[in-house]
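Quick note: the coordinates plus some simple rules give every number you see, no bench work behind them. This one's a predicted model, so the numbers in the text were calculated from it and none came from an experiment. With ideal geometry, Cβ positions are generated from the backbone for all residues, glycine too; neighbour counts draw on all protein chains shown.
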Amino acid sequence: METATEVRKSWVFRSPRSGKEIDISLAWLWTLLFGPFYFLWHNNYVHAAILFGIFLLPFLFLKDIAALAGLDTFFEVSRLVVGAVILVIYSILAREIMSKHFKREGWTHCE
């Protein structure tokens, strides 16, 4: 019978060129702390750009509209709440995103 530690999936990937191993088991934490910079660090430019876009684009345009409508305080609070929720959701998905990225780049999954 297998124990819980034997069933646990490994989140370590090995580079085919350099042999370097990267453990992405804590990708959720690094994404939560550093946001898109974690994806930039691992050369995942697509998801870094998506996360930058999710954070920046709506707020650049909506701030002027909110100021015209007199909703500055409401906008600032809602911007923080929406940004935090998006970052938490992205953090939950970060490990799978990085796993797919490394597989696409040719890295091998270590057991």
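If a spin label sat at a point 7 angstrom from the Cα of residue 12 along the line to its beta carbon, the backbone N atoms of region 89-111 nearer than 19 Å would be those of 95-96, 98-100, 102-103, 106-111.
Given 0.36 nm per residue, what is the gain on full extension from residue 37 to residue 84 after removing their alpha carbon distance, in nm? Display every interim value, and only then the final one.
On the way: separation 47, 0.36 × 47 = 16.92 nm, distance 1.58 nm.
The span from residue 37 to residue 84 would gain 15.3 nm if fully extended.
Between residue 110 and residue 77, the modelled labels are 4.8 nm apart [label points 7 Å from Cα along Cα→Cβ].
With a cut-off of 10 Å between beta carbons, the residues surrounding residue 27 carry a summed charge of -1, where Lys and Arg count +1 and Asp and Glu -1.
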